[in-house]
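Colleague: The following block contains the structure, expressed as structure tokens.
Just so it is clear, none of the values below were taken in a lab; they were calculated from the coordinates. Remember, it's a predicted structure, so these values are computed and weren't measured experimentally. Note that we place each Cβ from the backbone using ideal geometry, even for glycine, and neighbour counts take in every protein chain shown.
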Amino acid sequence: MNFDLSTIYVLWLRQLKRYFRSRARIIGSLGQPILFLVALGFGFGPIFAKAGGGNYINFLVPGIIAMSVLFTSVFSGIEVIWDRQFGFLKETLVAPTSRIKIMLGRTLGGATVATLQGIIVLVLSLFLGFQFTNLLMLPVAIFFMLLISLLFTALGTMIASLLEDMQGFQLIINFLIMPLFFLSSALFPLEGLPAIIEVVARLNPLTYGVDALRASLGGAAQMGLPIDLAVLVGVTAVFLVLGSYFFSKIQA
């Protein structure tokens, strides 16, 4: 197979154009992260500080960035179903190119959009009191945002490849991502949790994404960046393979 990058680039660029054309989508997707930052950050901040946890905004922001990246990347999979229903997917699939290239192009595009969303949330958090501990670690944080985005965009594409209606996709994704988010240490530290919840949290790949963002943005990690990197790279590779396989079997 001649693995040229033209198809991947075109599909990546198409995803970006879709994102920037919809101002309502950009603004709407920022509503939930800002609500969490304001309501939880300022609501639980004094309680967190009295408990000896320090600045809750600094603790919370990496988790909310991970939440924004998670939601945006997973829900990018719905575009597969949308394109299938309106015939756009058939036009893409009949093109003389590998379906793996198509899947990779869509995944990279969705991951780039989700990463941009995470960066926007990070910038907005600065106006709410978030402070960097080491500005030189910002590229590392952006790298982990991209890694989280790739993981969950591939997951969203894999699920969308198995379904034919948007309602079913939304039900399954909502059932999946809420436990992923709430059991990822995004809102609370892992120390002191009941044993069963801590075990589930440590099996959750998003936990390692949150921990990596917290280490690179706030200087505090529970698992450590090498472990976070190893887990995220491994799980991302698995979902990219599975996503490519199921997308290759899709019927437009």
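Colleague: Could you derive backbone 3J(HN,Hα) for segment 56-72 from the dihedral phi with the Karplus parameters 6.51, -1.76 and 1.60 (θ = phi - 60°), listing whole Hz in sequence and x where the residue is Gly or Pro?
Modeller: 5, 4, 5, 6, 6, 4, x, x, 6, 4, 4, 4, 4, 5, 4, 4, 5
Colleague: Could you tell me the largest-minus-smallest coordinate of the C-alpha atoms of segment 155-217 on each of the three principal axes, in descending order and whole angstroms?
Modeller: Rounded to whole Å, the extents work out to 42, 27, 16 Å.
Colleague: Going toward the positive end of the dipole of the chain, with +1 on Lys and Arg Cβ and -1 on Asp and Glu Cβ, which of 247, 10, 194 do you reach last?
Modeller: Farthest towards the positive end: 10.
Colleague: Right, next: For residue 170 and residue 220, compute 0.36 nm times the residue count separating them, minus their Cα-Cα distance, and round to one decimal in nm.
Modeller: 14.6 nm
Colleague: Which distance in nm do the two modelled labels at residue 49 and residue 82 give, with both placed 7 Å along the Cα-to-Cβ direction?
Modeller: Going from the residue 49 label point to the residue 82 one covers 4.2 nm.
Colleague: Now a separate question. Near the amide H of residue 162, under 5 Å away, which other amide H atoms are found, from residues 5 or more places off or on another chain, if H is placed in the peptide plane?
Modeller: It is none; the list stays empty.
Colleague: Please report Rg (one decimal) and Dmax (integer) in Å for the Cα set of segment 136-182.
Modeller: 13.7, 45
Colleague: Then there is this: I'd like the Karplus ³J(HN,Hα) series for segment 114-130: coefficients 6.51, -1.76, 1.60, θ = phi - 60°, whole numbers in Hz, and an x wherever there's a Gly or Pro.
Modeller: With coefficients 6.51, -1.76 and 1.60, one gets 5, 5, 4, 4, x, 5, 4, 4, 4, 4, 5, 5, 5, 7, 9, x, 6 Hz.
Colleague: What's the ranking of 65-76, 197-208, 120-131 by average number of surrounding C-beta atoms within 10 Å, highest first?
Modeller: So the order, starting with the most tightly packed, is 65-76, 197-208, 120-131.
Colleague: If you look for lysine pairs in the chain that are eight or more places apart or on different chains, how many of them have Cα atoms under 21 Å apart?
Modeller: Within the chain, the lysine pair count is 5.
Colleague: When the helix-only estimate is applied to the chain (DSSP H runs of n ≥ 4, each -39,500 (n - 2.57), divided by the residue count), what is the mean residue ellipticity at 222 nm, nearest 500 deg cm²/dmol? Provide the component values of the computation, followed by the final result.
Modeller: Details: 12 runs with 193 residues, N = 252.
My calculation for the chain gives -25500 deg cm²/dmol from helical runs alone.
Colleague: Per residue, how big is the convex hull of the chain when only Cα atoms are used? Give it in Å³.
Modeller: Values: hull volume 33.0 nm³, N = 252.
About 131 Å³ per residue, rounded to a whole number.
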